[in-house]
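Have a look at the structure below, then the notes.
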Amino acid sequence: MDRHTLTSDQLTVEVRALGAALNRVVAHTADGDVDLVLGHASDADRAAGKFYLGELVGPTANRIAGGRFTLEGVEHVIATNDRGNTLHGGPHGFSTKEWTITEATDDHVSLRLAWSDATGGHPGNLVVGLTYTLTGAELTHVITLTTDATTLASPCSHPYVNLAGSGTIADQVLTVRASRVLFIDDTGIPQGDPVDVVGTPFDLRAGVRLGDALASDHPQAIAVEGIDHAFVLDAVGLDGEPCAELADPASGRRLEIWTDQPSLQVFTGAGLHEVSAGLAGPYVDHAGVALETQNYPNAANRPDYPSTLLRPGETFTSTTRWRVTA
Ligand code: GAL
């Protein structure tokens, strides 16, 4: 089975075995069906793709500086794939693999991957599990990971959202309940301590039109053509206030997100025009905003960030919940 489709009155959700990708989320609205996430129309495109549309990235989401880290006194060197750094698990990461669909019903799908590093640099034989559950207008995913040697665990799902179903996300409004953000160097690695968002274009707490963020003249925004930063979440947890909300004022559609992870990477989709065979045809730059619930980037090399260490006998888990109002 290479894919499975979940259905409810409000949503249809397609999950692919290749890359464990959330390839389609369709909202059934009064105006007809609307695609809410970016996906690939062809497997060839997905295999060659570097945008990780909807994929489950890991073992470590985002970047590990220089592809190097030290665990329990032993230095490990892993393959790099982004300006000298390892991005989203590197060239042989979870998202490049054909996963096995182990359970498939109307309301949930579970996938499993047994993974070890083809280049031999990444410690551990890992077993990863992912379940997407659809309940009405809510889509929850749970990631689990175990290992047989001390390793790094910080996988995440990498969906790009566009509540309008086409065009860019410029007129959509993003709220992120984060009073700190990680500024990055010119290779995308956090420079140091989280920075207070007050007085910066990265203060998304009251909601910001993404077109304004794309046009910002802040050096951190210019460098990545908008936002490509990890926000340190104030609202962590699966109940209470959502950590983030995306709204499309034109249609009234909204997406709320809850997570138990400490940060949200927001990537406003510079370069997406390179995806020539998206679900809805070629995409344009900023055709979607990636909303990635994860640990801090480069935590492997930062003892002051929340740890991504995982030992044999322990189980990493990560849960994220979406609620769509369409
Ligand atoms: C994001 C990352 C971006 C870019 C993108 C995929 O998660 O923050 O810098 O690499 O993935 O192209």
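The values are calculated or read from the model by the stated rules, or taken from the named source; none is laboratory data. Computed from a predicted model, the values in this text were never measured in an experiment. Positions of Cβ are generated from backbone atoms using ideal geometry, with glycine treated the same way; all protein chains shown enter the neighbour counts. For accessibility, only protein heavy atoms count, side chains too; no ligands or nucleic acids. Shrake-Rupley method; radii C 1.70, N 1.55, O 1.52, S 1.80 Å.
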Margin query: Let me confirm something: among S276, S263, which residue is of a type in the set (S, T, Y) and modelled with pLDDT of 95 or more?
Written below: S263
Check: Which of the residues belonging to the stretch 256-308 are crowded, with 23+ Cβ neighbours inside 10 Å, within 11 Å of the ligand (Cβ to nearest atom) and more than 16 Å from the chain's Cα centre (by Cα)?
Finding: V275
Next item on the list: Determine whether the stretch 311-321 contains at least one residue that is outside any strand (DSSP E or B) and free of Cβ contacts under 8 Å to residues at least 60 places away in the same chain.
Entry: yes
Next item on the list: Out of R254, R302, report the one residue that is within 15 Å of Q172 (Cα to Cα) and either among the small types (G, A, S) or touching a residue at least 40 places away in the same chain (Cβ under 8 Å) (or both).
Entry: R254
Margin query: Which count do you get for residues in the stretch 193-230 that are on the phi > 0 side of the Ramachandran plot and open to solvent by less than 80 Å² (accessible area, probe 1.4 Å)?
Written below: 2
Margin query: I want to confirm something. Restricting to the stretch 113-136 and keeping residues that are over 27 Å from Q10 (Cα atoms) and in contact with a Phe, Trp or Tyr (Cβ under 8 Å, 6 or more places away or on another chain), which single residue is surrounded by the fewest Cβ atoms within 10 Å (Cβ to Cβ)?
Written below: N125
Note to self: Quick check on A221: is it under 20 Å from the mean Cα position of the chain (by Cα), without any contact (Cβ under 8 Å) to a residue 40 or more places away in the chain and more than 12 Å from the ligand (Cβ to nearest atom)?
What the structure shows: yes
Notebook entry, point to check: For the subset of the stretch 79-95 comprising residues that are more than 18 Å from R46 (Cα to Cα) and part of a loop (DSSP other than H, G, I, E, B), which member is farthest from the ligand (Cβ to nearest atom)?
Noted result: A79
